[in-house]
1. Applying the Karplus parametrisation 6.51 cos²θ - 1.76 cosθ + 1.60 with θ = phi - 60° to the phi angles of the stretch 247-261, what ³J(HN,Hα) value in whole Hz is obtained for each residue in order, glycine and proline being reported as x?
2. Applying the Karplus parametrisation 6.51 cos²θ - 1.76 cosθ + 1.60 with θ = phi - 60° to the phi angles of the stretch 225-237, what ³J(HN,Hα) value in whole Hz is obtained for each residue in order, glycine and proline being reported as x?
3. Given H placed on each backbone N at 1.01 Å, which residues far from ILE171 in sequence or on other chains put an amide H within less than 5 Å of it?
4. Measure up LYS126/LYS178; LYS218/LYS247; LYS125/LYS166; LYS218/LYS240; LYS220/LYS243 against 19 Å on the Cα-Cα distance and list the ones that go over.
5. By how many nm would the segment from PHE202 to ARG262 grow when fully extended, if each residue of separation counts as 0.36 nm and the alpha-carbon distance is taken off?
Amino acid sequence: MSSKVVASLIAALAIAVSGIAGPVAALAAEEGANTAVTEPADPLTGSGGALPDEIKASGYYAALAAVSLLKQAGIFLGDPVIAAAAVDVKKAADTAASLSGLPIQAGASAEDDESLWYCPDIPMKKEHQKLLWECCRERGLDYIDMLALIALESNFQEKCSNGKYKGYFQISSDHGPKLSKQLNTKNDPLDGAVNIIWGTAFYSWILDDERVKGLEGKEKRDVALSIYQRGPGGYDKYGKNKKYLEKYYQKRDMIVELFENR
């Protein structure tokens, strides 16, 4: 089952069990609540089937707890789709609560919530961690995967230079002129922000490669990483780079542990 499906099921469950304002409010939250909705009368009492405020509040806080769990799942699984689902659940819960007259609990947006992307034990500038997170969200990449790739390629050294391979993602300077023009950046692979934009774009293009499309989970990651390291021609000739992947997963396990132990 894909992470998108898992996130959707969790989100639906969180709203369904919250009971914040009954089924009508949940429906309104789902559809944006752009128009007024009248709850059908209770056939026994003739009045609307509104829930007591205590139950509404309890449901709302249950939904917020689900948001917190989604955020943690997004971090531990390294999946920006799940992290983004937490934001969607919060928005839906807030809408339903507003319809019920409950006070809305302030919360940071996905962009501002540092718990989703910042780890002080990772030796990478905070602004660069945030930029990497934003690029991963924009391009549908796994944030933990990208941190692990940077850890392996450059050990988080922004100015890392090995011959023509430069920066966080160790991108060949041969690609600089084309990447800078295509992505509207300066041609400076040793600029951390530029390198992050280049690296995440480069990896996202690999995920669109015919060799990778249709694959799932670890198999998809292994093939994509091997193409990243060997190039398409090298992958076609030699297949997966098992030694590279072994080192990569050691780095990935380290990154996950750092986030879990913050």
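1. Values per residue, Gly and Pro as x: 5, 4, 5, 5, 5, 5, 4, 5, 5, 4, 5, 4, 5, 5, 9 Hz.
2. These are the phi-based 3J(HN,Hα) values: 5, 5, 5, 4, 7, 9, x, x, x, x, 5, 4, 7 Hz.
3. Hits under the 5 Å cutoff: LYS166.
4. As for pairs spanning more than 19 Å Cα to Cα, those are LYS126/LYS178.
5. Extra length from PHE202 to ARG262 when fully extended: 18.6 nm.
Rule-based calculations on the coordinates, nothing more; no lab input. Keep in mind that this is a model prediction, so the values were computed, not measured.
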